[in-house]
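Worksheet: the structure to be examined is printed underneath.
The values are calculated or read from the model by the stated rules, or taken from the named source; none is laboratory data. What you are looking at is a predicted structure, and each value in this text was computed from that prediction instead of being measured. Using ideal geometry, Cβ is built from the backbone for each residue, glycine included, and neighbour counts are taken over all protein chains shown. Note: accessible area is taken over every heavy atom of the protein model, side chains too, but ligands, DNA and RNA are not part of it. Shrake-Rupley method; radii C 1.70, N 1.55, O 1.52, S 1.80 Å.
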Amino acid sequence: MLTIKNLKAGINGKEILKGIDIFVKEGEVHAIMGPNGSGKSTLAAVLAGRELFKVTEGEVSYFGKNLLEMKPENRARAGIFLGFQYPIEIPGVSMVNFMRAAVNEHRKFRGLNPLSSSDFLKLMREKKELVEIDSKLTNRSVNEGFSGGEKKKNEIFQMAMLEPKLAILDETDSGLDIDALRVVANGVNKLKTKENSTIVITHYQRLLDYIVPDFVHVLYKGRIVKSAGKELAFELEEKGYDWIKKELGEE
Amino acid sequence: MHPLGFTCGEIASLSWGKQIDLLGKNHKIKIKKNKIKTASKQVPESAIDMENENDNIINEVTQGEYKYGFVTDIESDSIPKGINEDIVRLISEKKNEPAFMLDFRLKAYRKWLTMEMPRWAHLKIPEINYHDIIYYSIPRQAAKYKSIDEVDPVLKDTFNKLGIPLEEQKHLAGVAVDAVMDSISVKTTFKETLAESGIIFCSMSEAIKEHPDLIKKYLGSVVPYGDNYFAALNSAVFSDGSFVYIPKGIRCPMELSTYFRINAANTGQFERTLIIADDESYVSYLEGCTAPRRDENQLHAAVVEIIALEHAEVKYSTVQNWYPGDKNGKGGIYNFVTKRGICKGDNSKISWTQVETGSAITWKYPGCILKGNNSTGEFFSVAVTNNYQQADTGTKMIHLGANTKSRILSKGISAGRSNNSYRGLVKMTKNAENSRNFSQCDSLLLGDKCGAHTFPYIDVQNKTSIVEHEATTSKIGEDQIFYCNQRGISTEDAVGLIVNGYVKEVINRLPMEFAVEAQKLLQISLEGSVG
Ligand SMILES: Nc1ncnc2c1ncn2[C@@H]1O[C@H](COP(=O)(O)OP(=O)(O)O)[C@@H](O)[C@H]1O
Ligand SMILES: [Mg+2]
């Protein structure tokens, strides 16, 4: 469903992604690992259509369409979901209004009528249970006054509401205690089907104990320097990123 | 001495006094100034790029269109351009006014000649040639219609297009309307129904003829003719407007509203509204305004006076949508308005709610004189400026009685290259013991070419009163927009969501139907201003 070929992107003339190739098929889980500053979030943002970053070379196709030509809201409506590393606060906008707008935009895109208030609230209730998120959170403004862990849970809640085809989860595990981590991972697993795919961006192997990847890619200084099966994650955990640096002859 | 017991220069006039010393000499004044909230802390290194990004978004989105800019093709009966004593006499004569009215007008005119246009506002006002304005223009054959069948179909159409049907059966249930075009009231609906409970709701012209005692007693009692430059001009040449009297103990059973429409070119609209709420009465009143899209500026200088007697309550709401000018700042209405209410009786209450989206320049400070003990004044405002619009608006709360309370909530939104200022005066006089004020002034910036300014003036003359002032400035961040986009919400809708959230507290105070209207209006005025 997603083909990334030789993708280069940067900001203000500074190149951050230096030629990325990744192929994701329906139903696959890919993990992207790598030290801080290697470009993981940038890759996620470019896929989601953040115009702050300029694509300078390469191609991305999504279900055969040129993804790079699509507006960010159309990418979202076409099924791409980004779980933000740092979810954004929007004071004054209630989670309910925000989610209703989002869900109805997705429905409109698929030629469906907007949900009635009661159907919408029913859907909210169902999904809240699924990700074990407290009602007091969904009654507040978007992410306002949420703790770090609550923000991450809220991302998974939104993912559950929108049922994406391709979910990109950017460090959804960081800052979570072990219980929250389990809840988040379970949420992701419950939402998993044969058709949809997930790209899990993470620093640590521990999330991958819960969400088992089919492929692990190591992103380093804007390049994928290693790709393999799930065993690569264990190797990384054991030997640390220095091992990669050594292999690259950097030290 | 003025009938209210103080001289004009002292309190009622628009003199602002000293701007508050923000360090707060007086220990009773609590000030939290400029808590700056931004939502874009997480990636500080990208701040500069975000600015560029904002520019791109601002530049790329299409411009919102003013939807009420059409002109009604109807012949009008105008007097010659310009102003002098003969013109003032002619207006009074055209309206068949009693001698006391002409007298009032002439005094005001002579006073106006001695005055100068105020310059203190944070506004750039081009020179206005007062001799180039037509002061009185009425649609031909518009002599107040008795029955709806007599109203010229062209006029009916005009108001229909504006969403203000003049036929009672078609109208929003529970709303009575006085429709004013240029210098005259075209039709007042539900007049008879209201009269059954003794409520007077009619045009100002009628009130002058039919209720001269009330007019003599109250006209100019809250805004004296010499109050300020524009009030003096209005007092000299005002043409029409609405008059409301709610008798003792009556709760007005429906919303009263006046819809002001400027149609004729080169014409100024100078309307006058007077609302009197007798003891233990209640009324909610709403005014709306629109004007055609024209390249030249037009002047609108209105005066509104409210009197609330013992235990009376008046809610006054405005949805101001005068033509704001085009996106390059050409044309638009100059909206210079004096609105003031007096809580004359004990335990009375006056609330101003305003949604200001239109006009090229807005200059207005609806205020309350809290004379009765335990009286309450409120001001809730949303002021939006886009493109080259300028607004200097706020309120004045003058506490004279003991245990008086005032609350101010001002929400400014600036976009484009516009400038939006809040100016508020809170004055606690010596006798206003144990009084309280709380002011909250928020500014929201869309883009970085616009400006928001807050000018609080605080004057406390007793030791038992408390004045609190809070101000915040925030900006819609590119990251907030992107977050919405990523959930499938377009940029326009994202701005709409954020703005609606921001103004919710004020909009919710409007009567239901108008709240929905006002929300749409906000969206339209901000179209193409994202940042
Ligand atoms: N908005 C930005 N402006 C300038 N540089 C940025 C911006 N965002 C990220 N970078 C830079 O790009 C590189 C990759 O960052 P990022 O994608 O956040 O890495 P990761 O998510 O792997 O930690 C870093 O050097 C970072 O400083
Ligand atoms: Mg990151």
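Report, by residue number, each residue of the range A:37-77 that is under 17 Å from the mean Cα position of the chain (by Cα), away from ligand 1 (no atom under 12 Å from the Cβ) and in a loop (DSSP other than H, G, I, E, B). Once the filter is applied, which keeps residues that are under 17 Å from the mean Cα position of the chain (by Cα), away from ligand 1 (no atom under 12 Å from the Cβ) and in a loop (DSSP other than H, G, I, E, B), the range A:37-77 yields only A:Gly49. The numbered conditions (1) among the aromatic types (Phe, Trp, Tyr); (2) touching a Cys at 6+ places or on another chain (Cβ under 7 Å); (3) not in a strand (DSSP E or B) are all true for B:Tyr422 except (3).
Among what's in the range A:19-35 and is near ligand 1 (Cβ under 10 Å from one of its atoms) and open to solvent by less than 10 Å² (accessible area, probe 1.4 Å), pick the residue that is nearest to A:Ile80 (Cα to Cα).
Top of the filtered list is A:Ile32.
Within the range B:489-500, does at least one residue satisfy the condition of being away from chain A (no Cβ under 14 Å) and open to solvent by less than 10 Å² (accessible area, probe 1.4 Å)?
The first filter runs over the range B:489-500 and keeps only residues away from chain A (no Cβ under 14 Å), leaving none.
No, every residue in the range B:489-500 fails to be away from chain A (no Cβ under 14 Å) and open to solvent by less than 10 Å² (accessible area, probe 1.4 Å).
Summed over the range A:1-24, the residues that are away from ligand 2 (no atom under 16 Å from the Cβ) and touching an Asp or Glu at 6+ places or on another chain (Cβ under 9 Å) give a count of 9.
The number of residues in the range A:72-99 that are open to solvent by 10 Å² or more (accessible area, probe 1.4 Å) and in contact with a Ser or Thr (Cβ under 8 Å, 6 or more places away or on another chain) comes to 7.
Pick from B:Asn485, B:Asn508: which is out of contact with any His (no Cβ under 7 Å at 6 or more places or on another chain) and at the interface with chain A (Cβ under 9 Å from one of its Cβ atoms)?
Numbers: B:Asn508 fails: at the interface with chain A (Cβ under 9 Å from one of its Cβ atoms).
Result of the check over B:Asn485, B:Asn508: B:Asn485.
A:Gln158 meets the conditions (1) over 20 Å from the mean Cα position of the chain (by Cα); (2) within 24 Å of A:Asp177 (Cα to Cα); (3) within 11 Å of chain B (Cβ to nearest Cβ) in every case but one. The failed one is (1). Per the conditions (1) within 26 Å of B:Ser205 (Cβ to Cβ); (2) open to solvent by 10 Å² or more (accessible area, probe 1.4 Å), the sole criterion not satisfied by B:Gly329 is (1).
Of the residues making up the range A:78-94, those that are within 16 Å of ligand 2 (Cβ to nearest atom) and either assigned to a strand (DSSP E or B) or facing another protein chain (nearest Cβ under 8 Å) (or both) are A:Leu82, A:Gly83, A:Phe84, A:Tyr86, A:Pro87, A:Ile88.
In this structure, A:Gly229 does satisfy being surrounded by fewer than 19 Cβ atoms within 10 Å (Cβ to Cβ), under 11 Å from A:Val29 (Cα atoms) and either touching a Leu at 6+ places or on another chain (Cβ under 6 Å) or of a type in the set (Gly, Ala, Ser) (or both). In the range A:36-64, of all residues being away from chain B (no Cβ under 14 Å), polar (S, T, N, Q) and surrounded by fewer than 20 Cβ atoms within 10 Å (Cβ to Cβ), the one that is nearest to ligand 2 (Cβ to nearest atom) corresponds to A:Thr56.
So, in the range A:192-226, exactly how many residues are away from ligand 1 (no atom under 16 Å from the Cβ), surrounded by fewer than 19 Cβ atoms within 10 Å (Cβ to Cβ) and among the aliphatic types (A, V, I, L, M)? Here the count works out to 1.
With the structure loaded, tell me whether A:Ile133 is open to solvent by less than 50 Å² (accessible area, probe 1.4 Å) and away from every other protein chain (no Cβ under 14 Å) or whether it fails that test. Show your work before the answer.
Working: open to solvent by less than 50 Å² (accessible area, probe 1.4 Å): yes; away from every other protein chain (no Cβ under 14 Å): yes.
Yes, satisfied.
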